[in-house]
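Written out below as structure tokens is the structure these notes cover.
The values are calculated or read from the model by the stated rules, or taken from the named source; none is laboratory data. Only a predicted model underlies this, so the values are computations on that prediction, with no experimental measurement involved. Virtual Cβ from ideal backbone geometry, glycine too; neighbours counted across all protein chains shown. Calculation scope for accessible area: heavy atoms of the full protein, side chains included, ligands and nucleic acids excluded. Shrake-Rupley method; radii C 1.70, N 1.55, O 1.52, S 1.80 Å.
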Amino acid sequence: KAGSNQDSAVRSYDDNELSEWQSDGKLENAWITYKLNEKTFVDEITIKLTGWRDKLYPLAIYSAGKKVWEGYTYPTLGYCHIQINNPIKTDNITIKMLGSTKSKSESGDTTELAGGKTGELDRIATKKGQVNLRIVEIDFLKNM
């Protein structure tokens, strides 16, 4: 379930790194909720966000309505790993964007030794004043 563009929400977990789901640019619609097949403890979330090399996304993560994490993602060469320190057994996880993205130039730099961009989704810019949550892929992990 998504705050906007519901029809393309499946792209955020379709195992295709050439597709994405994105919100409509309005803060109040920059969220997505995932319903898991069964209740389980989620210890970590891995998420690949559009512009992963340059953008820091301010996010809050909720498990069954209770906030379990809040902060900025970090620039990466792929997936950002978010540790859930006090996981709750749930089958319902919401990712909510809290504001505009920041640029890595505001917090440091990330460089790939091979160099070069990896694809179009790494280069997409956000229009000034818009709040776009853009998820390429997301996975929910349980510590075994």
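Suppose all protein chains stay in the model; what accessible area per residue would a 1.4 Å probe give for the range 1-80, in Å²?
Accessible area per residue: 50 Å².
When the accessible area of the range 1-58 is computed with all protein chains present and a 1.4 Å probe, what percentage of it is carbon and sulfur? Walk me through the intermediate numbers first.
Working: 1350 of 2950 Å².
Carbon and sulfur: 46 percent of the exposed surface of the range 1-58.
Tell me, in nm to one decimal, what length is gained between K66 and K35 on full extension, where the rule is 0.36 nm per residue of separation less the Cα-Cα distance?
Extending this stretch completely gives an extra 9.7 nm.
I want to check the label-to-label distance for D43 and Q6. Put each point 7 Å from Cα in the C-beta direction and report it in nm to one decimal.
Result: 3.6 nm between the two label points.
With respect to the cross-link table entries K1/K48; K35/K104; K35/K142, which display a Cα-Cα separation exceeding 22 Å? Before the final figure, lay out the partial values.
On the way: K1/K48 18 Å; K35/K104 32 Å; K35/K142 15 Å.
Cα-Cα > 22 Å for K35/K104; rest within.
State the extension gain, in nm to one decimal, for the chain segment bounded by L18 and I88, taking 0.36 nm per residue of separation less the distance between their alpha-carbons. Mind dumping the intermediate values first?
On the way: separation 70, 0.36 × 70 = 25.20 nm, distance 3.16 nm.
Extra length available between L18 and I88 comes to 22.0 nm.
What does the C-alpha gyration tensor say about the overall shape of the range 4-79? Classify as rounded when a/c is under 1.5, otherwise prolate if a/b is larger than b/c, or oblate.
rounded
List the residues whose amide H sits under 5 Å from the amide H of D91, counting only those 5 or more places along or on another chain, with H placed 1.01 Å from N in the peptide plane.
T40
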